[in-house]
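Working notes, structure below.
The values are calculated or read from the model by the stated rules, or taken from the named source; none is laboratory data. All figures in this text were calculated on a predicted structure; none of them were measured in a lab. Virtual Cβ from ideal backbone geometry, glycine too; neighbours counted across all protein chains shown. The area values use the complete protein model at the heavy-atom level, side chains included, leaving out ligands, DNA and RNA. Shrake-Rupley method; radii C 1.70, N 1.55, O 1.52, S 1.80 Å.
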Amino acid sequence: MNATSKESQKMVTKTFAWPVFDESDVNAVTDVARSGAWGNPDCSGLVEKFEKEFAAFCGSKYAVTCANGSVSLRLALIAAGVRPGDEVIVPPYTFIATASVVIECNCVPVFVDIDPNTYNIDPDRIAEAITPRTKAIIPVHFAGLSCDMDRIMAIAEKHNLTVIEDAAHAHGGIYKGKRLGTIGHAGSFSFQSSKNLNSGEGGIVVTNDEKLYDRINSLRNVGRVKGGMWYEHHFLGCNYRITQFQAALLSSQLKRLEAQTTTRDGNGRYLNQLLQDVKGVTPLLLPDDADVHTFHLYMFRYDESHFKGMPKRDFVARLIEEGVPASAGYPYPLYKQTVFQEKNFMCYAIPEDVDYTKVFCPVAERACATEAVWILQHAMLGTREDMEAFARAIGKVQREVLQ
Ligand SMILES: *Cc1c(COP(=O)(O)O)cnc(C)c1O
């Protein structure tokens, strides 16, 4: 079969652009270039302007930008007052930063398994994992689906824990009427290029707590304080500031976020319907309290027994051949990464008896190995017809293996 005939048989022929931008975004950046005011301190006020816009968008009092969505998590943890050896509860099914920043704060990540129906951290397991050393929880609104925040906040209140939402997938998501990132004590977002709002790199923390805000603001700006002199440093911070270019681009891109989020949410719900009767393909549960799902990833659970035992990775490779922007996701849960297995970290505060080779979270293991299939967020910006084409591609692969 030659390339053209294979191409013409693809179920999905459209390509999905990301990032989405036009002249208004280009002008925002070139205006900064022409001004010659590129950096920080916030010479043109564009950083503060964006921070105010993002805080207003989320409905939070404060927002502080920083270099990326890993630093934002770490600064929020430090500002929350964690001490060496404190335990921080994290899910194992997430990007490494959720757990690695805990070690960078000299604290111990404690992995708590995910709920098989949502792939978000399981509140029942959180309660079981709490010890006298537990200090914080970092729930991840994975793929943009809200965690069970009412239960997480109730557990946190009972045990006096800080909750830092990792909302790197969840810009614009809503749980029970509230924007994700604003329900816990602080919420962290990433603006890395794959994320639903991006400026190439970047991050932000939102909070309603003035003390947290002041401390994070200082930490990202080499420990400077409001009203202090330029060479006056109160805390052990670093330079984690963003540039005027990033701030200008983010302000421009933010104007699109609401409409893009509505599109993804509508498409995700539609694709859920289209797939509901396909055997061996189970969309994740979308609870009623998830008012807006941002579908940074559209996920479903694959069951190879309905595909004649075709391994997940082969199935995903076939979907990609059919033109679906799909991924098999993480190869294994985070604790299986060499860095944790071998404890390859320069951190002397992690107790000797912490041994990640003994950790086993069966739901996350299964998700990584055989179940979880992702369709990437930019594809969810397509049309209803595109969603139908994704469903047809899945059907085609299934018919092929079963015939
Ligand atoms: C992307 C991501 C981060 C980190 O963001 P960076 O900006 O890449 O540092 C943290 N948590 C999750 C869940 C992410 O997906």
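State which residue pairs qualify: first residue more than 28 Å from L284 (Cα to Cα) and inside the range 351-365, second residue of a type in the set (G, A, S) in any location, beta carbons under 8 Å apart, and separation of 6 or more residues or different chains.
Partner pairs satisfying both residue conditions: P351/G85.
Can you give me the number of residues within the range 161-173 that are touching a helix residue (DSSP H, G or I) at 6+ places or on another chain (Cβ under 8 Å) and assigned to a loop (DSSP other than H, G, I, E, B)?
Number of matching residues: 7.
When you scan the range 209-228, do you find a residue that is open to solvent by less than 10 Å² (accessible area, probe 1.4 Å) and either of a type in the set (F, W, Y) or under 16 Å from the mean Cα position of the chain (by Cα) (or both), even just one?
No, that holds for no residue.
Determine whether the range 241-253 contains at least one residue that is on the phi > 0 side of the Ramachandran plot and small (G, A, S).
Scanning the range 241-253, I find no residue that is on the phi > 0 side of the Ramachandran plot and small (G, A, S), so the answer is no.
Could you tell me which of the residues V110, V82 is in contact with an Asp or Glu (Cβ under 8 Å, 6 or more places away or on another chain), away from the ligand (no atom under 16 Å from the Cβ) and touching a residue at least 24 places away in the same chain (Cβ under 8 Å)?
Exactly one of V110, V82 is in contact with an Asp or Glu (Cβ under 8 Å, 6 or more places away or on another chain), away from the ligand (no atom under 16 Å from the Cβ) and touching a residue at least 24 places away in the same chain (Cβ under 8 Å), namely V110.
Taking V101, is it assigned to a helix (DSSP H, G or I) and either within 21 Å of Y348 (Cβ to Cβ) or of a type outside the set (V, I, T) (or both)?
Yes, satisfied.
Under 7 Å by Cβ, and 6 or more places apart or on different chains, what pairs join a residue from the range 263-284 that is of a type in the set (A, V, I, L, M) with one that is open to solvent by 60 Å² or more (accessible area, probe 1.4 Å) and not in a helix (DSSP H, G or I)?
If the second residue must be open to solvent by 60 Å² or more (accessible area, probe 1.4 Å) and not in a helix (DSSP H, G or I), the pairs left are L284/N117.
How many residues are more than 12 Å from the ligand (Cβ to nearest atom), assigned to a strand (DSSP E or B) and buried (at least 24 other Cβ atoms within 10 Å of the Cβ) if we restrict to the range 174-204?
2
Which one of these is open to solvent by 10 Å² or more (accessible area, probe 1.4 Å) and over 23 Å from the mean Cα position of the chain (by Cα): E365, E321, E371?
E321
Which members of the range 241-277 meet the condition of being open to solvent by less than 40 Å² (accessible area, probe 1.4 Å) and not in a helix (DSSP H, G or I)?
I242
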